[in-house]
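The values are calculated or read from the model by the stated rules, or taken from the named source; none is laboratory data. The shown structure was predicted, so the numbers you read here are calculated from the model rather than taken from an experiment. Here the Cβ positions follow ideal geometry from the backbone for every residue, glycine too, while neighbour counts run over all protein chains shown. Remember, those area values only see protein heavy atoms, side chains included, never the ligands or the DNA or RNA. Shrake-Rupley method; radii C 1.70, N 1.55, O 1.52, S 1.80 Å.
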Amino acid sequence: MTANNNSSPQTTGKLVGITPQGLYSKCVALANNLWWSWHPEVISLFRSLDPIRWRQLGHNPIALLHEFTPERLEIRAAELVLYTRIDQAYRRMTEYMTARTTWARRNVGVLGSQPVAYFSLEFGIHESVPIYSGGLGVLSGDHIKSASGLGVPLVAIGLFYNQGYFKQHLDIEGWQQEEYIDTPVQFLPLESATDQKGNKVTVEVQTRSGTIYAKVRQLHVGRVRLLLLDTDLEENQQQDRQLTSRLYGGDNRTRIRQEIVSGIGGVRALEALGIRAGVYHLNEGHNAFAILEATRLRMERDGKSFDQAASEIAQKTVFTTHTPVPAGHDRFDSSLIDEHLGPLREQLGIDHGHLMALGRVDPSNSHETFCMTVLGLKMSRYANAVASLHGVVSRKMWHGLWPQLPEEKVPIGHITNGVHVPSWMAWQFNTLLERHMPTSWSAESYDPKEWEAVHDIDPGEFWETHCALKNLLVAFVRRRVSRQCRRRGEADDVIDRARTILDPQALTIGFGRRFATYKRATLVLNQIERMARICNDPDRPVQFIFAGKAHPADKPGKEFIQTIANLRNDPQFANRFVFIEDYDINVCRHMVQGVDVWLNTPRRPLEASGTSGMKAVLNGGLNLSILDGWWAEAYDGTNGFAISRGTSHTDDTVTDKRDAESLFDVLEHEVVPLYYDIDEHGLPMKWIERMMSSVSSLAWRFSAHRMVADYTTDAYLPAAGGTSCKVER
Ligand SMILES: *Cc1c(COP(=O)(O)O)cnc(C)c1O
């Protein structure tokens, strides 16, 4: 007989048989798999333990739990009646982790025993794991979350940065300051990866200037393991210990050293862990050295020649390019290549000229540097761009590699990017949809028919939900802007004004992205007086929320930030333009969930895809964008707004002027009138209709589940030796 038989759940709020230690362990287990990061009910559990500390600790559940003893946690759980919720969350996670009926199991079983090895230099999973800088990283994070959701067997490989990307703040002049902060590594859900004997795995990569050692750490992202190589080891030369400290922090030599660690070291890590990859997916050229190491392994194991092994590895390799500008591709000169690839090349039995030729468009041109994208394109069976228009641009850009083919036959296809819906759709919006959509619908379904019912939702409720989210955004902006003012040491009245900045009723336009000059953040100021009139119309006001980082070396980008940020000193714009510092996943989430309009003004065709606009779609935000990247294929005349007609002039200043003219016209004649066309019930019915069209026509199409399913059927399956087939959605 046990003592607690007569304490029933009803009277104590506790579950029979759970000790404080047991409860604590369940919370720790939840915190240790990033599965929690896309489950609002688990996030809300953590938050409710201590909402203030939750925010102060950057939404990091391990750091939060560290502040609780099991006994204190039990008391808190009893006060808030959390036992059942913790138990249910834990049970849901366990069921998810052990599920046998996934999409992949039903459709692509052949991938089962030999997973996809997915290489990327950054992964954006959650703001509390700072190993990403921007779009590429968030895309990788969304990719592996959806691979987990669909049950696609996949192991991800990247680098562990103990400082990550810089933190941004602006000084009193509005100039970007960069700060690198040591990540509190002990509060990340990191483990050491161990081999079959239980030993911690380290890998080494030889160069002509010494061996680089890396330990292999791992994170769990649902069912996906993410291996992260970290060179902070005593065995390393001093300079190499910091090799993986920062993302995009160093010169070209640092870059190639990072890339041999992630590419060559990455393949060695898989080998040491006993993981036999069936497919290599290289997300961007950074990791293309992986192909060479995989080739070496095959030569060693099967006694093949270089040519034969390389062509067999190419058959298993999928390469994704992301950069529509020639200057954006990694290039290394001959001496850097020899210093870092020389030892591996000798094992491959090829000479330096042969190796260089693999990275050259024209193999015989000894002046050409070694381009990682060229290596990836030459040594993969399937290459793709990340949107339809980007496919056109990429085929043109790399035509030189296949001069005998007409441009449209250049073998670079496209799979348009998508975003992980459960990570980006506000739970309030998800709840609304769940209540009104057919029972078969879930946020993760990407069957267009399932989304048609969005139009049947009560417009009043739809609008109310959006307004609630917009209010949350305004509250967030006020909090952040007043904090920014305090940090800069502004006067009390300035801080007070920040607490009431923005008008929750006004048409609110968001712009959050990297401040690269081709994205033209300042296009909205091209006609400054016209903008002042638009913003300050007493009956139909318009306001803007900006955020984004400029690369530390990008002075013109920083000047754009300064121009926008300093509008706060201009009485015409002080309450109409705000700049939120330190754009990251958290800032992005608040913005895309609350804005009325998401603005994108790249100089066409330089935006490969863009994904933030897709996140706005998931929350009812309408895109107002140049017809570039994903928007060029998404816009249908009823689901958002287009700036210009998809043309550009050879002279950038002419293009900019024309695009600005169109932007102002669309704002004045379409966006503002539609938003303020309010019926007798106080609802902007035509606007709501457009929101619904946007959700129903785009949410499924630009979801990461659709994207990963496309990769799986069109690229992974053929690469793994299966054939492409028609599979259920
Ligand atoms: C989604 C996201 C991006 C990518 O947005 P783009 O539209 O490609 O500019 C960049 N940074 C963060 C933090 C994001 O969440």
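Which residues in segment 399-433 place their backbone N less than 19 Å from a point set 7 Å from the Cα of His455 along the Cα-to-Cβ direction?
Residues 433 fall inside that zone.
With a cap of 10 neighbouring Cβ atoms within 10 Å, and only residues DSSP puts in a loop, list the GluC sites (Glu not before Pro) found in segment 231-317.
On the way: sites: Glu234, Glu235, Glu259, Glu271, Glu284, Glu293, Glu300, Glu312; in loops: Glu234, Glu235, Glu284.
Answer by residue number: Glu234.
Compute the distance from the alpha-carbon center of segment 441-458 to that of segment 308-371, in whole Å.
The two parts, judged by their Cα centres, are 46 Å apart.
So how long is each side of segment 115-169 along the principal axes, counting just the alpha-carbon atoms, biggest first, in Å?
Principal-axis extents of segment 115-169 (Cα, largest first): 40, 17, 16 Å.
Between Ile678 and Thr439, take the C-beta separation as r, use R0 = 25 Å, and let me know the FRET efficiency to the nearest 0.05. Write out the running numbers ahead of the final one.
Details: r = 34 Å, r/R0 = 1.35.
Given R0 = 25 Å and the Cβ-Cβ separation, E is 0.15.
Using a 1.4 angstrom probe on heavy atoms only, work out the carbon and sulfur share of the accessible area of the chain in %. Mind dumping the intermediate values first?
Numbers: 14050 of 28570 Å².
Answer for the chain: carbon and sulfur cover 49 percent of the accessible area.
Shape call for segment 215-259 from the C-alpha gyration tensor, a ≥ b ≥ c root eigenvalues: rounded (a/c under 1.5), prolate (a/b greater than b/c) or oblate?
oblate
Could you grab the relative contact order for segment 105-220? Cα pairs under 8 Å, six or more apart, rounded to a whole percent. Let's see the in-between values first.
Working: 160 pairs, mean separation 21.6, N = 116.
19 percent.
For segment 113-213, what does the alpha-carbon gyration tensor say about shape, rounded, prolate or oblate, given a ≥ b ≥ c as the root eigenvalues, a/c under 1.5 as rounded, and a/b over b/c as prolate?
Cα axes put segment 113-213 in the oblate bin.
Express as a percent, rounded to the nearest 5, the fraction of DSSP beta bridges in the chain (both residues included) that run antiparallel. Can you show the working numbers first?
Values: 22 of 65 bridges.
Rounded to the nearest five, the antiparallel share is 35 percent.
Report relative contact order for the chain in percent, whole number only (criteria: Cα-Cα under 8 Å, sequence separation at least 6).
12 percent
Report the Cα-based extents of segment 364-411 along its three principal axes, largest first, to the nearest Å.
33, 20, 18
Relative contact order of segment 512-652: what whole-number percent is it, with Cα pairs under 8 angstrom and at least 6 residues apart? Walk me through the intermediate numbers first.
Values: 212 pairs, mean separation 29.0, N = 141.
Dividing the mean separation by the residue count of segment 512-652 yields 21 percent.
Show which lysines lie in cross-link reach of Lys686 when reach means a straight Cα distance below 20 angstrom and same-chain residues fewer than eight apart are skipped.
In chain and number order, the partners are Lys470.
Pick out, in residue order, every one of the GluC sites (Glu not before Pro) in segment 632-727 that is DSSP loop and has at most 14 other C-beta atoms within 10 Å; say none if there are none.
On the way: sites: Glu633, Glu661, Glu668, Glu670, Glu680, Glu689; in loops: Glu680.
When the GluC sites (Glu not before Pro) of segment 632-727 are filtered for loop state and at most 14 Cβ neighbours within 10 Å, Glu680 remain.
As a quick test, which of the pairs Lys316/Lys409; Lys558/Lys657; Lys26/Lys167; Lys26/Lys615; Lys26/Lys145; Lys215/Lys555 have an alpha carbon distance above 27 angstrom in this structure?
On the way: Lys316/Lys409 21 Å; Lys558/Lys657 21 Å; Lys26/Lys167 33 Å; Lys26/Lys615 31 Å; Lys26/Lys145 22 Å; Lys215/Lys555 36 Å.
In this structure, Lys26/Lys167; Lys26/Lys615; Lys215/Lys555 exceed 27 Å between Cα atoms.
Given charges of +1 on the Cβ of Lys and Arg and -1 on the Cβ of Asp and Glu, with all other atoms neutral, how large is the dipole of the chain about its Cα centre, in debye to the nearest 20? All intermediate terms of the calculation are to be shown ahead of the outcome.
Values: 79 positive and 86 negative charges, 280 e Å.
The calculation lands at about 1340 debye.
Can you give me the solvent accessible area of Phe429 with a 1.4 Å probe, rounded to the nearest 10 Å²?
Using a 1.4 Å probe on the heavy atoms, I get roughly 0 Å².
Does segment 483-618 classify as rounded, prolate or oblate by the C-alpha gyration tensor (a ≥ b ≥ c root eigenvalues; a/c under 1.5 gives rounded; else a/b over b/c gives prolate, otherwise oblate)? Please list the in-between numbers first.
On the way: a/c = 1.40, a/b = 1.24, b/c = 1.13.
In terms of gyration-tensor shape, rounded.
When the helix-only estimate is applied to the chain (DSSP H runs of n ≥ 4, each -39,500 (n - 2.57), divided by the residue count), what is the mean residue ellipticity at 222 nm, nearest 500 deg cm²/dmol? Don't skip to the end; give the middle numbers.
On the way: 32 runs with 306 residues, N = 729.
After summing the helix terms and dividing by residue count, I get -12000 deg cm²/dmol.
Quick one: what Rg and Dmax do you get for the chain from the alpha carbons, in Å?
Both quantities, over Cα of the chain: 26.1, 86 Å.
Rounded to the nearest 0.05, what FRET efficiency is calculated for Arg488 and Asp302 with R0 set to 56 Å and r the Cβ-Cβ distance? Display every interim value, and only then the final one.
Working: r = 63 Å, r/R0 = 1.12.
E between Arg488 and Asp302, to the nearest 0.05, is 0.35.
Accessible area per residue, 1.4 Å probe, Å², for the chain: what's the number? List each step's numbers first, then the result.
Numbers: 28570 Å² over 729 residues.
Per-residue accessible area for the chain comes out at 39 Å².
Stretched out fully, how many nm does the piece from Val361 to Thr194 gain, at 0.36 nm a residue minus the Cα gap? Walk me through the numbers on the way to the answer.
Details: separation 167, 0.36 × 167 = 60.12 nm, distance 4.03 nm.
Answer, rounded to one decimal: 56.1 nm.
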